[in-house]
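Before any comments, here is the structure.
The values are calculated or read from the model by the stated rules, or taken from the named source; none is laboratory data. This is a predicted model, so every value here is computed, not measured. So basically every Cβ, Gly included, is an ideal-geometry build from the backbone, and we count neighbours across all protein chains shown.
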Amino acid sequence: MRKAIIKRFILVMVGAMVFSGILFYTTVSNTMHKNTKEDMRLSLIMLDNSLDYTEPLMNQIKILSTTLDQKQARYTILDAKGDVIADTGTMDIENLENHFEREEVQKALSDGIGYAKRYSTTIKTQMLYTAVTSSKSDYILRIAIPYSGNSEYLFWLLPSIMISITVSALLAVVMADKLTKTITKPLQQIAYIMDNYKEENPELSLPNTPYEELNIITQSAKKMSESVEKYTEEIEFERMVRQEFFSNASHELKTPITSIRGYTEILLSEFTPDEATREEFLKRILTETESMTNLINDILLISRLETRDYEIETTEIRMAMLLQDIIKTLQPIAAKQGVDLQTECKPAIIKANKQHMRELLLNLIGNAIKYNKPNGMVYVTITTIGRDLLIEVKDTGIGIPKESRVRVFERFYRVDKGRSRKVDGTGLGLSIVKHIVNFYGGNITLESKLNVGSTFTVRLPEIKANM
Ligand code: ADP
């Protein structure tokens, strides 16, 4: 990359120099050409002033021919008809032809001054001619100098042009080298850091460069590494959660299985228990099977709510009827615990999945009964705010300690393992509630005071059916 940049830099630089060289040359040579023409005119005027036209002219300009090299300049004096009267050239005047038709002579006769450029057959070189009419007589004075055309001044200007091109090219090399180094160095650094990128250490400490474009690359690389880091963390967290869930679930299943196995073994052993004990054992086996079924159903429900990969059937649900139905189911349990249930339900028809709403109410009210005190109270209130549904389940129970208030929504979390086991629960109830609330984009809050009671409030947005 460095070589390519330097090469291009030099190419552009030399190109620019050649272009400016040509421009410089044409401008300077044009100026020089103009100056030369002016010099020629002045020398003719000076000559005109110094000549005495009453005396033989040839003798007067002969002096010029001795001081002038034939190659430098040639003066000619013509009469009004174009015949050569005097000439500083080497040829005899008699042999010189009439100059009347010459371009510069014609122009001088019409405008007072005339210029021409052409090949001289007399001295066989390209010449520049200037002719003026004399101010003191009828004569025409003419000067001719060798002129090689456009390349005339090349000899003078070429060295300086070449020197400036060489110096600029050298400068270009040095500058391009320096510049490419400042670009390639951070690029190499970035490449090195990216090459040594490790998943275990996803933090990328990329340098800040003086170039905005490079900084954009480093910024997006940093952002990418950050999202990789976040993603890795998320995957790791999910892996841990799953692992914990499996170990918890197997642990939860192991307890009822061990009991069932124990009772079955006794029932099958030689020491056949009496009828009453047999019945008792069979009843226990049934209870354990029921709790296993509950656990498995809860696990299935959670996993379905998490994956959301199946069509959820929604129907219009009359909340008052659903609540009544649930209370009917829970009433015997409440009565057994000596807990009184009080409900208040505003007329509300919602559009949701019936099982979801059932699970939500069953778990919240079920917990309010389970974790209550004898002669305790449970208040259930269902209202609406706009199209939102508000469910409040309040109890005068044992309360939840502050440190557990967030954790009760975790899977298999129980405030007091021993106590909860006695009151029979999977430890998944509130986790299911939370999943259902999230499914409908709602929120759940918990307020609790130890030994005073707890209040769970659920708000489900935009769920009221359009009537
Ligand atoms: P569980 O099946 O054990 O009831 P939950 O997920 O429904 O599982 O509840 C988690 C834990 O939160 C319970 O074990 C209990 O300790 C506590 N808890 C839930 N509801 C209440 C309540 N209304 N009053 C006091 N403690 C509660």
Quiz item: Would you say residue 431 is free of Cβ contacts under 8 Å to residues at least 12 places away in the same chain and within 13 Å of the ligand (Cβ to nearest atom)?
Solution: no
Quiz prompt | Residue that is nearest to the ligand (Cβ to nearest atom) [pool: residues in segment 449-467 that are at pLDDT 95 or above and either crowded, with 20+ Cβ neighbours inside 10 Å or of a type in the set (Asp, Glu) (or both)] | solution = 454
Quiz item: residue 393: within 14 Å of the ligand (Cβ to nearest atom), at pLDDT 95 or above and out of contact with any Asp or Glu (no Cβ under 9 Å at 6 or more places or on another chain), yes or no?
Solution: yes
Quiz item: Looking at (1) touching a residue at least 60 places away in the same chain (Cβ under 8 Å); (2) buried (at least 16 other Cβ atoms within 10 Å of the Cβ), which is the only condition residue 405 fails?
Solution: (1)
Quiz item: In this structure, does residue 372 turn out to be within 13 Å of the ligand (Cβ to nearest atom) and in a loop (DSSP other than H, G, I, E, B)?
Solution: yes
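Quick grid of which residues meet (1) at pLDDT 95 or above; (2) under 25 Å from residue 388 (Cβ atoms); (3) aliphatic (A, V, I, L, M):
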| position | (1), (2), (3) |
| --- | --- |
| 287 | no, no, no |
| 300 | no, no, yes |
| 306 | no, yes, no |
| 311 | no, yes, no |
| 317 | yes, yes, yes |
| 331 | yes, no, no |
| 345 | yes, yes, no |
| 358 | yes, yes, no |
Exercise. For segment 136-145, state whether one or more residues are among the polar types (S, T, N, Q), in contact (Cβ under 8 Å) with a residue 60 or more places away in the chain and over 30 Å from residue 161 (Cβ atoms).
Key: yes
